[in-house]
Amino acid sequence: MKKISILLVGLFLSINAFASVKCGSELIKGVQIKKGGEVVYTSKDGVRRLVASPDSPAASQYMLMTLLNAVDNKYYVQAAFPDGYSCKSSNTEIPAEWIYVQNPK
C-alpha cells in the first residue's frame with residue numbers, strides 16, 4: 001500500500017510539473033520584433049503576447065516566420081504558457097511554451 005501511495009504522489013507531482021495554460025485561438029493583427037530579439041504578437045482584440053525570447057534565436061526565427069504567415073493568411077493562433085498565466089490580459093514578460101496555427105476554413 002505504501003508503494004502505491006508513493007507512486008500516486010509521484011504521478012500527481014509529475015502531472016503538475018507539466019501543467020500549462022492554453023489560451024483560446026485568436027486572429028493575429030500584428031507582429032513586433034524588439035531590439036533585444038523578443039517576438040511579440042498582437043491579437044485582433046489588442047492582447048499582446050511574448051512568443052519568443054533572444055535566448056533561443058532559432059526558435060525566434062521560426063516563430064516570426066510562422067506568425068507572419070498567420071497574419072498574411074488570416075490563420076488562427078493558439079498559444080500555451082506556464083501554469084498561472086492569464087490569457088485575459090496582455091503579458092510580454094512570459095514567453096509561450098508553444099504556438100499552434102490553424103486554418104479557419
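The values are calculated or read from the model by the stated rules, or taken from the named source; none is laboratory data. Keep in mind it's a predicted model, so treat the numbers as computed, not measured. Glycine gets a Cβ as well: all are built from the backbone with ideal geometry, and neighbour counts include every protein chain shown. To get the accessible areas, we keep the full protein, side chains included, count just its heavy atoms, and leave off ligands, DNA and RNA. Shrake-Rupley method; radii C 1.70, N 1.55, O 1.52, S 1.80 Å.
How large is the accessible surface per residue of segment 12-105, computed with a 1.4 Å probe and reported in Å² as a whole number? Walk me through the numbers on the way to the answer.
Details: 5880 Å² over 94 residues.
On a per-residue basis, 63 Å².
Could you work out the local net charge near Glu93, counting Lys and Arg as +1, Asp and Glu as -1, over the other residues with Cβ closer than 11 Å to its Cβ?
Values: positive: Arg48, Arg49; negative: Glu38.
My count for the surroundings of Glu93 gives +1.
What Kirkwood hydrodynamic radius do you get for segment 11-104 when you take the inverse of the mean 1/r over all pairs of distinct Cα atoms, in Å? Intermediate values should be presented prior to the final figure.
Working: mean 1/r = 0.0741 Å⁻¹.
In segment 11-104 this quantity evaluates to 13.5 Å.
Count charges around Lys22 for me, please; just the other residues with Cβ under 14 Å from its Cβ, Lys/Arg as +1, Asp/Glu as -1. Please report the intermediate quantities before stating the final value.
On the way: positive: Arg49, Lys88; negative: Glu26, Asp83, Glu97.
For residues surrounding Lys22, the net value is -1.
Please give the FRET efficiency for Asp83 paired with Lys34, using the beta carbon to beta carbon distance and R0 = 22 Å, rounded to the nearest 0.05. Can you show the working numbers first?
Details: r = 25 Å, r/R0 = 1.15.
Result of the calculation: an efficiency of 0.30.
Calculate the spin-label point distance for Asn103 paired with Met65, positioning each point 7 Å from the Cα along the beta-carbon direction, and give it in nanometres.
Going by the 7 Å Cα→Cβ label model, 1.9 nm.
Local charge sum around Ala79 (other residues, Cβ-Cβ under 10 Å, Lys/Arg +1, Asp/Glu -1)?
Working: positive: Lys22, Arg49; negative: Glu26, Glu97.
With Lys, Arg at +1 and Asp, Glu at -1, the net is 0.
Just the number, please: carbon plus sulfur as a percent of the accessible area of segment 16-55, 1.4 Å probe, no ligands or DNA/RNA counted. Don't skip to the end; give the middle numbers.
Values: 1080 of 2210 Å².
Ligands and nucleic acids excluded, carbon and sulfur reach 49 percent.
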